[in-house]
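Everything below concerns the one structure shown next.
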Amino acid sequence: MDARKEVSNPMANIKSAKKRIRTSAKKTARNRRVKTKLRHVIKKHRSSPSAETLPGTASEIDRAAAKGVIHPNTAARYKSRLAKATKSRASS
C-alpha cells in the first residue's frame, strides 16, 4: 500500500491504536500543508529573487523549521542559498 494514501477504514481494534491512526493522519496533513506552502514560496522567490521577497521567504522557512517539518540546519541552508542568490542577482 502507498504510504501517502490515507487509511479510510483502519484495521486497528485497540482504542489507542485507532486514536494513533487519527492523530498521525492529522499530523501528516498538517505537515504536508506546511511543506507544500514552503515549496511554493521558495519556488516563487527563486523565479524572481529580490530583496523585498527575501524576508517573507525566510519567515516561511523559519516557520517550517519551528513546526518540525524541516530540520533547523536545512532551514539555515535554504536561507543562506536564497540570500546568496539574491545578492548575486542584485550585484549583476
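Every number here is computed from the coordinates shown, using simple stated rules; none is lab data. None of the values given here were measured: they were computed from a predicted structure. As a convention, Cβ positions derive from the backbone with ideal geometry for all residues, glycine included, and neighbour counts pool all protein chains shown.
Some notes on this structure:
- Estimated FRET transfer efficiency (SER91, HIS40; beta-carbon r; R0 25 Å; 0.05): 0.40
- Among the listed pairs LYS26/LYS79; LYS27/LYS67; LYS43/LYS87; LYS37/LYS79; LYS37/LYS87; LYS27/LYS79, those beyond 21 Å (Cα-Cα): LYS26/LYS79; LYS37/LYS87; LYS27/LYS79
- Nitroxide proxy distance, nm - points 7 Å out along Cα→Cβ at SER80 and LYS19: 4.2 nm
- The chain: angle of helix 15-47 to the longest principal axis, Cα-based, in degrees nearest 10: 20 degrees
- Shown for THR57, THR28: other C-beta atoms within 10 Å of each C-beta, ranked fewest to most, produce the order THR28, THR57.
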